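Asker: What follows is a structure written as structure tokens; I'll ask about it next.
The values are calculated or read from the model by the stated rules, or taken from the named source; none is laboratory data. No experiment lies behind these values; they were computed from the predicted model shown. Backbone-built Cβ (ideal geometry, glycine too); neighbour counts: all protein chains shown.
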Amino acid sequence: MSGLTMIDRVERALSRRGLALAFEPALEARFETDTCRQRERMLLISGAIAIAVYDAFLINDLGIRPEIFGLSLLLRLGVMTPIGLLVLALLHRGNLRPAFRESMMSASVVISMCLSNVLFLLSTSPEAMFDPFSFGLIILGGNIVFSLRFPFALASTCLNLVLVAVFLSLSTEMHGVLKVFVMMVGASTGLFTLAAGFRLEASERRSYLLMLREKLRAETMQEHNQMLTLISHTDPLTKLGNRRQFDKAMDRLRADTAMHHLPVGMLIIDIDNFKAFNDLHGHLEGDACLCRVGETIEAQVRRGMDVVARLGGEEFAVLMPECDRRSIEQAGERIRLSIETLSIRHGGTPGSPVVTVSLGMALGVLGAPDSGRLLYQLADKALYDAKRGGRNRAVLADASPAAGDAGSVPAAAASSFPA
Ligand SMILES: Nc1nc2c(ncn2[C@@H]2O[C@H](COP(=O)(O)OP(=O)(O)OP(=O)(O)O)[C@@H](O)[C@H]2O)c(=O)[nH]1
């Protein structure tokens, strides 16, 4: 049972035949957590109505048993109402343990039954003998108006019927046949309201299960979607963003910078002579090298602001929002130097004994729909220049008429930083 997920528990509960009034513990706990606030509110409202109705019977007391009206006032307003108000205050405070909440409501029903029986017994008025016929209303209040949870409804109904039986047996005014009649009416009311309460609770629980199943399914679906989105935007080897993520980030930046007109920097970083590295050390070593280069690039940019991605093969890219010439040059040089400092033995390149990278950089304000593509072209061209210039260097792209046409504002003249 412990390995079951919540949705498994819900499915099991739903597949159970017949009406069930208790879930297994974990599901029951969730049911209570999800519904307790609403139940407390419902009990608060029905409790207030019940107090008002109970006190309204003072009118009845004045009519049929004026001789004990003082006692009636005392029991209704001096005893039952304060108890009721205390119950309402506790419900209002909320977060009651379910068993305490249900016991408290059941107890208030039993107390009111007890007080009503005291009034009946102490009254000498002949009309008072009709009083016990109304006691079923108290049972109805507990089982239907409060919708006590079934075991509590059952217990309070039995207790109430015992109370009525005891008080009837003490009464000398009422005939035996009438007493039986009262008990029949009380027991029938108890039975009918218990049956109705049972069905109400069963259908409330079933509706809850159906609602919870939908909610859990929707949550699972959302998690799967998030996972799929993550997978589709992540490079499986380096765990950096992939081309799709990079393009999305570019679109987002374009929308932002179109408003703020702040230049965006783009760096394309390519490992030098990586084919030779693979040939010399094998593909697995090549993969490890790609991962270390990716991590190093990520460590050299602004966390949470710059976007790093592996575009494919041995090519990485960085997008730098709110960038200027100084920051892009510094970032490019920092990245180049930190990868060289990793000192990953290469052995297959004439220029350097260790793995190095070449960088093409471009700076511009994104605007028109294809300005991102043009910025990329500028950076790519600068990368080509870096490779042609001898590798292990960063080159900042020159202003390009094409970029200007596309709505970007090229911000820098070509610069080169030989190692
Ligand atoms: N280990 C490994 N190698 C890869 C991966 N993707 C691409 N490559 C290799 O990267 C190498 C890229 O080689 P080229 O495009 O010729 O470039 P290069 O040798 O780095 O030369 P320059 O870029 O001109 O310095 C190829 O040998 C690819 O097989 C990968 O995921 N893992």
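Asker: Under 9 Å between Cβ atoms, at least 6 apart or on separate chains: pull out the pairs that start in region 237-255 with a residue that is under 15 Å from ALA368 (Cα atoms) and end on any residue that is charged (D, E, K, R).
Answerer: MET250/ARG373
Asker: Additional query: Part of a helix (DSSP H, G or I) and surrounded by fewer than 15 Cβ atoms within 10 Å (Cβ to Cβ): is that true of LEU73 in this structure?
Answerer: So LEU73 fits the description; yes.
Yes/no matrix, rows are residues, columns are (1) under 24 Å from VAL354 (Cβ atoms); (2) of a type outside the set (A, V, I, L, M):
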site: ARG243; (1), (2): no, yes
site: ASP256; (1), (2): no, yes
site: VAL301; (1), (2): yes, no
site: ARG310; (1), (2): yes, yes
site: ALA317; (1), (2): yes, no
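Asker: Just one of THR229, THR172 is out of contact with any strand residue (DSSP E or B) (no Cβ under 6 Å at 6 or more places or on another chain) and surrounded by 12 or more Cβ atoms within 10 Å (Cβ to Cβ); which is it?
Answerer: Only one candidate qualifies: THR229.
Asker: If a residue must be of a type in the set (Val, Ile, Thr) and surrounded by 14 or more Cβ atoms within 10 Å (Cβ to Cβ), how many such residues does region 19-52 contain?
Answerer: Adding up the residues that qualify gives 2.
Asker: Is at least one residue of region 16-36 aliphatic (A, V, I, L, M) and more than 34 Å from the chain's Cα centre (by Cα)?
Answerer: No; the residues of region 16-36 include none that is aliphatic (A, V, I, L, M) and more than 34 Å from the chain's Cα centre (by Cα).
Asker: Something else now. Among the candidates SER108, SER171, which residue alone is within 42 Å of the chain's Cα centre (by Cα) and polar (S, T, N, Q)?
Answerer: Of SER108, SER171, the one residue that is within 42 Å of the chain's Cα centre (by Cα) and polar (S, T, N, Q) is SER108.
Asker: Of all residues in region 329-367, which are in a loop (DSSP other than H, G, I, E, B) and either within 16 Å of the ligand (Cβ to nearest atom) or without any contact (Cβ under 8 Å) to a residue 40 or more places away in the chain (or both)?
Answerer: Matches in region 329-367: SER343, ILE344, HIS346, GLY347, GLY348, THR349, PRO350, GLY351, SER352, PRO353, VAL355, THR356.
Asker: Now a separate question. Quick check, is PHE133 loosely packed, with under 15 Cβ neighbours inside 10 Å, among the aromatic types (Phe, Trp, Tyr) and in the same structural domain as LEU21 (by TED's automatic domain parsing)?
Answerer: So PHE133 passes the test.
Asker: Considering only residues that are of a type in the set (D, E, K, R) and in a helix (DSSP H, G or I), look in region 246-276 and name the one that is nearest to the ligand (Cβ to nearest atom).
Answerer: LYS275
Asker: Still on this model: State whether the residues of region 320-328 include one that is β-branched (Val, Ile, Thr), over 40 Å from the mean Cα position of the chain (by Cα) and more than 14 Å from the ligand (Cβ to nearest atom).
Answerer: yes
Asker: It is to be established whether one or more residues within region 29-36 are in contact (Cβ under 8 Å) with a residue 40 or more places away in the chain, within 24 Å of PHE130 (Cα to Cα) and among the polar types (S, T, N, Q).
Answerer: Checked against the condition, which is being in contact (Cβ under 8 Å) with a residue 40 or more places away in the chain, within 24 Å of PHE130 (Cα to Cα) and among the polar types (S, T, N, Q), region 29-36 yields no hits at all.
Asker: Say we look at region 277-312 and pick out the residues that are more than 16 Å from the ligand (Cβ to nearest atom) and not charged (D, E, K, R); which of these is modelled with the lowest pLDDT?
Answerer: Here the residue is GLY304.
Asker: With respect to GLU298, is the statement that it is free of Cβ contacts under 8 Å to residues at least 12 places away in the same chain and assigned by TED's automatic domain parsing to the domain that holds ALA382 true?
Answerer: no
Asker: Next question, about the same structure. Tally the residues that are touching a Gly at 6+ places or on another chain (Cβ under 7 Å) and either of a type in the set (Gly, Ala, Ser) or outside the structural domain of GLY304 (by TED's automatic domain parsing) (or both), restricting the search to region 332-360.
Answerer: 1
Asker: Which numbered condition trips up LEU161, out of (1) surrounded by fewer than 14 Cβ atoms within 10 Å (Cβ to Cβ); (2) not in a loop (DSSP other than H, G, I, E, B)?
Answerer: Answer for LEU161: the failing condition is (1).
Asker: Of the residues that make up region 338-353, is at least one crowded, with 18+ Cβ neighbours inside 10 Å, more than 22 Å from LYS387 (Cα to Cα) and modelled with pLDDT under 95?
Answerer: no
Asker: Here's something else I'd like to know. Restricting the search to region 180-223, which residues are touching a residue at least 60 places away in the same chain (Cβ under 8 Å) and of a type in the set (Val, Ile, Thr)?
Answerer: Within region 180-223, just THR220 meets the criteria.
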